[in-house]
Amino acid sequence: MKATINDVAKMAGVSKATVSRVLNGSKPVSDDIRDKVMKVVEETNYKPSSLARSLVSKKTNIFGIIIPDVSNPFFSELVKGVQMTANENGYNILLCNTYDEFDKEMEYLNILDDKEVDGIIFLTSKIEEKHKEFFSSYKNPIVTVSRRFEDMPISSVDIDNFSAAYEVMNYLINLNHKKIAMIRGPLYDKSTGYDRYKGYEKALEDSNIKLDENLIVEGKFKVKDGYNAMSKLLTLKELPTAVFCACDEMAIGAIKCIYESGFKVPEDISVVGFDDIPIASMFIPSVTTVRQPVFDFGEKAVDILLRQINSGVHEEENIVLPTKIIIRKSTKRK
């Protein structure tokens, strides 16, 4: 039969309150009493109720993480970073998959609030007013990843998407590509959509290459979006010699379309991705891409939550991590 706190108190010859103080470290007790209580705890294999512990400590030791798509390798790697770092520090996580639906995001935010998690890591493709209303009244720490609330003091972990896109575009331009298409994300997605597009645009401008709207197609970060966007680009009279895709999944879709249309990568068209998900290095041809430190996103997000919980100060902290161009077989000099 499972031991209770009453059993431990009786066998150790102390009160229930003393057992609670020993287990929660809420008030000092003598070494002799602590040893006596812990000896009984070990002998009976007593495990205190997590609910009871949280009532005493005012903590649940749980973080909530809300992500748009658990099947996307980017998000699954990020969750790994969150979970490992949280577990190493005595925390568990509640994972909420929204399918990139706004109603689901709000539903999960309210569930996490009701469950009184100690902090929330939030990922979304589009920041809405209702998000802001929720976070303005939320009392525990919040960290956004790959996104920033520009007009709210909320901590974030991200990269410089504009500079990363600008840098990889210059890589293609230095390979003598002038007709460079972009399969971008939706512009309402500030970081991965808008900022990467603006980096593309600025690199062309700085190299005196005229922006051609016909070379810009939008997708929603899935393989099928890259395939469909590339199909449109291949109907142009003058084909692009290179394509910059806003994520690796769309780059893989674009490459598949190019091959199925009778062309070759990189002989006819060079293709660049973004993220460096695991399949990018295994695909044929392997994909030149921008590597994001995705695992580190999760690790740093948890670090911020822990700092703010331990200090009791919820000041905005914005961490920008570095990126790196990984050159593989999907690009060549024109």
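For each of CYS245, CYS257, count neighbouring Cβ atoms within 10 Å of the residue's Cβ, then give the residues from fewest to most. Intermediate results must be reported in sequence, preceding the final value.
On the way: CYS245 32, CYS257 21.
In order of increasing Cβ crowding within 10 Å: CYS257, CYS245.
Could you give the length gained on full extension between GLU128 and ILE209, defined as 0.36 nm per residue of separation minus the Cα-Cα distance, in nm? Intermediate results must be reported in sequence, preceding the final value.
Details: separation 81, 0.36 × 81 = 29.16 nm, distance 3.54 nm.
Stretched fully, the GLU128-ILE209 segment lengthens by 25.6 nm.
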**Residues of the stretch 282-296 with amide N under 20 Å of the 7 Å Cα→Cβ point at ASP160** = 289-294, 296
**Request:** May I ask you to evaluate 6.51 cos²θ - 1.76 cosθ + 1.60, the Karplus curve with θ = phi - 60°, for each residue of the stretch 95-101 and list the ³J(HN,Hα) values in order in whole Hz, giving x for glycine and proline?
**Result:** 9, 10, 9, 9, 6, 6, 10
**Prompt:** Taking +1 at the Cβ of each Lys and Arg and -1 at the Cβ of each Asp and Glu, which of MET182, LEU204, ALA251 sits farthest along the dipole of the chain towards its positive end, judged by Cα position relative to the Cα centre?
**Reply:** ALA251
**Complete:** Checked the stretch 161-292 with the C-alpha gyration tensor, a ≥ b ≥ c its square-rooted eigenvalues, rounded below a/c of 1.5, otherwise prolate if a/b is larger than b/c and oblate if not; verdict rounded
**Item:** For VAL243, residues with placed amide H under 5 Å, excluding near neighbours
**Value:** ALA181, SER270, VAL271, VAL272
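Normalising by the residue count of the chain, find the relative contact order in percent from Cα pairs under 8 Å and 6+ residues apart. Could you put the intermediate results ahead of the total?
Working: 598 pairs, mean separation 55.4, N = 334.
Value for the chain: 17 percent.
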**Request:** Assign one of three labels to the stretch 58-124, namely rounded, prolate or oblate, based on the Cα gyration tensor with a ≥ b ≥ c the square roots of its eigenvalues; rounded applies when a/c is under 1.5, prolate when it is not and a/b is larger than b/c, and oblate otherwise.
**Result:** oblate
**Prompt:** Around SER156, which amide H atoms from residues at least 5 apart in sequence, or from another chain, sit under 5 Å from its own amide H, with H modelled in the peptide plane?
**Reply:** THR144, GLU317, ASN318, ILE319
**Item:** Mean Cα-pair separation over length for the stretch 165-211, i.e. relative contact order, pairs under 8 Å, 6 or more apart, %
**Value:** 44
**Prompt:** Check ILE216: other-chain or 5+ apart residues with amide H under 5 Å from its amide H, H built from backbone geometry?
**Reply:** MET182
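Which ordering of THR18, THR44, THR144 is given by a fewest-first count of other beta-carbon atoms within 10 Å? If you can, show how the numbers build up before the last one.
Details: THR18 19, THR44 15, THR144 25.
With the fewest neighbours first, THR18, THR44, THR144 line up as THR44, THR18, THR144.
DSSP loop (so not H, G, I, E, B), at most 13 other Cβ within 10 Å: list which chymotrypsin sites (Phe, Trp or Tyr not before Pro) in the stretch 141-220 pass both filters. Numbers along the way, then the final one.
On the way: sites: PHE149, PHE162, TYR166, TYR171, TYR188, TYR194, TYR197, TYR200; in loops: PHE149, TYR188.
Qualifying residues, ordered by number: TYR188.
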**Fill in**
With DSSP loop assignment and no more than 16 other C-beta atoms within 10 Å, the GluC sites (Glu not before Pro) in the stretch 228-284 are GLU238, GLU267
**Request:** Describe numerically, in nm with one decimal, the distance between label points set 7 Å from Cα along Cα→Cβ at LYS334 and at LYS39.
**Result:** 8.1
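Using just the helices of the chain, give the 222 nm mean residue ellipticity in deg cm²/dmol: DSSP H runs with n ≥ 4 each add -39,500 (n - 2.57), and the total is spread over all residues, rounded to 500.
Working: 13 runs with 149 residues, N = 334.
When only DSSP H runs of four or more count, the value is -13500 deg cm²/dmol.
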**Message:** I need THR235, THR288 ordered by Cβ neighbour count within 10 Å, fewest first.
**Reply:** THR235, THR288
**Prompt:** Magnitude of the Cβ-charge dipole of the chain, K/R +1 and D/E -1, about the Cα centre, nearest 20 debye?
**Reply:** 640
**Complete:** With x for Gly and Pro, the residue-by-residue ³J(HN,Hα) of the stretch 82-89, computed from phi through the Karplus equation 6.51 cos²θ - 1.76 cosθ + 1.60 at θ = phi - 60° and given in whole Hz, is 5, 5, 4, 5, 5, 4, 4, 10
**Complete:** Most fluctuating of VAL29, VAL145, VAL117 in the GNM of the chain (C-alpha, under 10 Å) is VAL29
**Request:** Rounded to whole Hz and in sequence order, give me ³J(HN,Hα) for the stretch 189-205 from the Karplus expression 6.51 cos²θ - 1.76 cosθ + 1.60, θ = phi - 60°, writing x for Gly and Pro.
**Result:** 7, 4, 7, 7, x, 5, 5, 5, 5, 5, x, 4, 4, 5, 5, 4, 4
**Request:** Using DSSP to define loop residues, name the trypsin sites (Lys or Arg not before Pro) in the stretch 219-309 whose beta-carbon has at most 13 other beta-carbon atoms within 10 Å.
**Result:** LYS237, LYS264
**Complete:** Scoring the stretch 64-155 by relative contact order with C-alpha pairs under 8 Å, at least six apart, yields a percentage of 31
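No lab work stands behind these numbers, since they all come straight from the coordinates. In this text the structure is predicted, and so the values were computed from the model without any measurement. With ideal geometry, Cβ positions are generated from the backbone for all residues, glycine too; neighbour counts draw on all protein chains shown.
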